[in-house]
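Let me begin by presenting the structure, written as C-alpha cells, before commenting on it.
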Amino acid sequence: MKKMKKIAMLLLTVVFAAAMFAGCAQKTTKDTSLDDIKKAGVIKIGMDAGYAPFELVDNNSNIVGFDVDLGNKIAEKLGVKAEIVNTSFNGIIVALTSDKFDMIISGLSVTDERKQQIAFAGPYLQSAQIIIVSSDNTEIKSAADLKGKVIGVQLGSTGEVAAKKLEGLKEIKSYDAVPDELIDLATGRLDAVIVDKPVGGYYVTQSTNKDAYKTLDEALVKEDIGIGLEKEDAALTAEVQKIYDGLVADGTMSKISIKWFGYDAYAK
C-alpha cells in the first residue's frame with residue numbers, strides 16, 4: 001500500500017512539474033516579429049499593382065505609387081530593404097496570414113470584418129467610395145438613381161461591399177482592375193462604377209478619354225485606409241505605427257500625398 005502511495009505521489013509530482021514548465025514556457029514566449037525583420041534585412045510588402053495612384057506599374061515595368069513610397073520610407077526607418085510582392089487584392093489578406101509577406105500597404109480599407117482577421121497600423125489616409133458615370137448620363141444623379149442599373153466594382157474591394165448594400169440594382173459586375181471597369185463604362189456595358197475616390201480620380205484624369213466620365217458629388221462610404229499586419233506581430237505593428245506617426249510629423253507624408261494625389265491629405 002505504501003509503495004502504491006509513493007508511486008501516486010511521484011506521478012503527481014511529474015504532472016505538476018510538467019504543468020509548471022508549460023506555464024513558464026508560455027509566459028516566456030517572446031514576440032520576435034520586429035527582430036526577425038531586422039535580422040533578415042528586408043521587409044516584404046504585399047500590394048496589388050493595379051490600383052493607381054496607390055500602386056501601379058510604370059513604363060519601365062517598375063511598381064511605383066503612393067503606397068510604394070510609404071513602404072520604402074518605413075523600410076528605411078527600420079534599417080532594411082523593402083521587397084514588393086505583387087498580389088491579387090482579392091486574396092491579399094489570406095496571403096498575409098499565410099506568411100507570403102510581412103505587411104499589406106495596398107489602399108486597404110479598415111473594416112470591422114478585416115480587424116477580426118488582421119491588425120492595422122495608421123490609418124494613413126481617409127478615403128470614400130464614389131460613383132462615376134458617363135459624362136452624358138443625365139439620369140443618375142445620386143445613389144438612389146442606381147436602382148435597376150448595372151454597376152462595376154473591383155473584386156474584393158470595399159466598393160464591392162458598398163454596392164452589395166444598395167437595394168434594387170440590376171447587376172453587380174466585379175473586375176480585377178479598375179481601368180477595365182472604366183472601359184466598360186465608356187462603352188455602355190455599365191451604367192456606373194463604384195470606386196475609391198483617389199483611385200477613381202487618378203484613372204479618370206490619366207485616361208485618354210477622360211471627358212467621357214463624370215464623378216457624382218455624393219460619397220457612399222467614408223473609410224480609413226491602413227497598413228495591415230498579422231495579429232501576433234505586435235512588436236512590428238507598434239514600430240510601424242511609431243514610424244508612420246514620425247513621417248506625418250516631419251512632413252514626409254504631405255510630400256508623398258502632393259506627389260501622387262495633387263493635394264496635401266495631411267494638412268490640418
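The values are calculated or read from the model by the stated rules, or taken from the named source; none is laboratory data. Treat the numbers as computed from the prediction; the structure is a model and nothing was measured. We place every Cβ from the backbone using ideal geometry, glycine too, and count neighbours over all the protein chains shown.
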Selection count, the range 149-171, where residues are in a helix (DSSP H, G or I) and either within 14 Å of the chain's Cα centre (by Cα) or not assigned by TED's automatic domain parsing to the domain that holds ASP184 (or both):
2
Answer from THR111, THR97, THR87 - the residue that is over 23 Å from ILE243 (Cα atoms) and out of contact with any His (no Cβ under 8 Å at 6 or more places or on another chain)
THR87
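Listed here are the residues, each with its yes/no results for (1) out of contact with any strand residue (DSSP E or B) (no Cβ under 6 Å at 6 or more places or on another chain); (2) surrounded by fewer than 16 Cβ atoms within 10 Å (Cβ to Cβ); (3) closer than 17 Å to LYS231 by Cβ; (4) not assigned by TED's automatic domain parsing to the domain that holds ASP245.
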site	(1), (2), (3), (4)
SER61	yes, yes, no, no
GLY71	no, no, no, no
MET103	no, no, yes, no
SER106	no, no, no, no
ASP112	yes, yes, yes, no
Output the residue which, of all residues in the range 123-149 that are of a type in the set (A, V, I, L, M, F, W, C) and closer than 26 Å to PHE54 by Cβ, is modelled with the lowest pLDDT.
ALA128
Only listed residue being over 22 Å from the mean Cα position of the chain (by Cα) and at negative phi, chosen from ALA235, ALA212, ALA219
ALA212
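This table checks each residue for (1) part of a helix (DSSP H, G or I); (2) over 26 Å from THR97 (Cα atoms); (3) touching a residue at least 12 places away in the same chain (Cβ under 8 Å).
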| site | (1), (2), (3) |
| --- | --- |
| ASP145 | yes, yes, no |
| THR215 | no, yes, yes |
| GLU223 | no, no, yes |
| VAL248 | yes, yes, yes |
| MET253 | yes, yes, yes |
Could you say whether any residue in the range 41-50 is farther than 22 Å from ASP196 by Cβ, assigned by TED's automatic domain parsing to the domain that holds LYS255 and among the charged types (D, E, K, R)?
yes
Specify which of the listed residues (LEU247, LEU190, LEU236) is in contact with an Asp or Glu (Cβ under 8 Å, 6 or more places away or on another chain), crowded, with 17+ Cβ neighbours inside 10 Å and not assigned by TED's automatic domain parsing to the domain that holds VAL161.
LEU236
Mind listing just one residue for me: the one in the range 195-226 that is touching an Asp or Glu at 6+ places or on another chain (Cβ under 9 Å) and under 23 Å from ALA95 (Cβ atoms) and, of those, surrounded by the fewest Cβ atoms within 10 Å (Cβ to Cβ)?
GLU223
Of all residues making up the range 225-246, the number that are in a helix (DSSP H, G or I) and acidic (Asp, Glu)
2
In the range 181-202, the residues that are part of a helix (DSSP H, G or I) and in contact (Cβ under 8 Å) with a residue 12 or more places away in the chain
GLU181, LEU182, ASP184, LEU185, ALA186, LYS197, PRO198, VAL199, GLY200, GLY201, TYR202
Quick check on the range 227-234. Is at least one of its residues among the β-branched types (Val, Ile, Thr), out of contact with any His (no Cβ under 7 Å at 6 or more places or on another chain), touching a residue at least 60 places away in the same chain (Cβ under 8 Å) and under 30 Å from ILE37 (Cβ atoms)?
yes
Check whether at least one residue in the range 118-131 is surrounded by 19 or more Cβ atoms within 10 Å (Cβ to Cβ), more than 16 Å from the chain's Cα centre (by Cα) and in contact (Cβ under 8 Å) with a residue 24 or more places away in the chain, and report yes or no.
yes
